[in-house]
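Taking it in order: structure first as structure tokens, then the write-up.
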Amino acid sequence: MTFLIGQKFHVADITTQSDTDDPATVTFTQTTYTLERTSVIFQVPSSGVVEIEIIGDLWATSSSDNAYLAWGISGTDTIAPTDSEALRTHGSSGIRTKISSIVSGLTPYANDQISLYMRCDSGSGANVLHTRVIVRPA
Amino acid sequence: MTFYAGERMLVTDAMTFSGSGNTTTFSTTNTAYTYTGLQVTFIVPHTGTVKITITGRTWSSSTTAHSYIAMGVFTAAGSVWSPQDNESFRIYGTNTIRGSVATILPGLPPGQAAQASLYLRSEVNTATANTLHTNIIVRAA
């Protein structure tokens, strides 16, 4: 978004929310998305659009399995976690990186919450460490 | 950070700073974080908080070792943030990947210049950590 000098803006429009958790490894053997942790509560900007970034250190227990870390939204708005918006890695070689998603159509000024979810494909285990969530207006 | 409705925004608060480096592979066997040569100078917004995103391609020469990219921040007073594994972008093994991570860093001195620098380390000194096509983006937050 572009601000001009002296321009008035809504409080919610310039707020970045973030948090960090999982100082120790957490493992999930479920093949459907399972709550990993609840994360930041944020106020939806007037545009109804936010950018969500999730960061994690991710690996599968088996060399032939996939591990997924995804976000979901609850509160006034509800969005379920999906593979298409997930951070994913194949095999037991770990990676720490991030993905970004642009989410539109949220209810302006509503208080929503982001949660992280985990799953694997074949039940060997999906492992996660050092997660972060960042939400910015977009 | 706290803004109030109608508050006037400082010009520096809406600015983004970025820089790119490592057009050829930078490698190290150091297990301590080693400066890669990429540094971005930025002006700290009046909130004192910035979001720093680091991006790069990285890989290890060993199938059983990690390669880590991380960032450090300096001001005129010295180091205010040291590179660390739990804020890094990392990959295990010889498969290369280009990805990124972001850090929200509060408590910087408003209005002053600061530098964000990129570092690389290897998990073991018998393997080489490598990086290529890196960049740093700093935004007010």
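With 10 angstrom as the radius, rank A:35, A:116 by how many other C-beta atoms surround their C-beta, starting from the fewest.
Details: A:35 13, A:116 25.
So the residues, fewest neighbours to most, are A:35, A:116.
Can you pull the mean other chain C-beta count within 10 Å for peptide B:133-141?
Values: counts 0, 0, 0, 0, 0, 0, 2, 2, 7.
Mean shielding count: 1.
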(request) Please give the average number of partner chain Cβ atoms lying within 10 Å of the Cβ of each residue in B:80-90, rounded to a whole number. (result) 3
(message) Which one, B:33, B:92, B:68, has the greatest fluctuation when you compute a Gaussian network model over chain B with C-alpha springs under 10 angstrom?
(response) B:92
(message) Please compute, for peptide A:88-99, the average count of beta-carbon atoms on other protein chains lying within 10 Å of each residue's beta-carbon.
(response) 6
(message) For the protein assembly as shown, take N as its residue count and report Rg(C-alpha) divided by 2.2 N^0.38 Å.
(response) 1.03
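So if I place +1 on the C-beta of Lys and Arg and -1 on the C-beta of Asp and Glu, and nothing else carries charge, what would the dipole magnitude of the protein assembly as shown be about its Cα centre? I want it in debye, nearest 20. Don't jump to the answer; show the numbers that get you there.
Details: 15 positive and 19 negative charges, 122 e Å.
Dipole size: approximately 580 debye.
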(message) For a quick check, take a GNM of chain B with Cα springs below 10 Å and name the residue from B:30, B:86, B:125 with the largest mean-square fluctuation.
(response) B:86
(message) Over the range B:34-107, what portion of Cα pair distances is larger than 15 Å, expressed as a whole percent?
(response) 59 percent
(message) With +1 on the Cβ of every Lys and Arg and -1 on the Cβ of every Asp and Glu, and nothing else charged, how large is the dipole of the range B:15-141 about its Cα centre, in debye rounded to the nearest 20?
(response) 220 debye
(message) At 4 °C and a viscosity of 1.567 mPa s, what translational diffusion coefficient does Stokes-Einstein give for chain A, taking Rh as the Kirkwood radius over Cα pairs? Give it in µm²/s as a whole number.
(response) 84 µm²/s
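FYI, it's all coordinate maths here, none of it is from the lab. Only a predicted model underlies this, so the values are computations on that prediction, with no experimental measurement involved. Quick reminder, even Gly has a Cβ in these numbers, built from the backbone with ideal geometry, and neighbours come from all protein chains shown.
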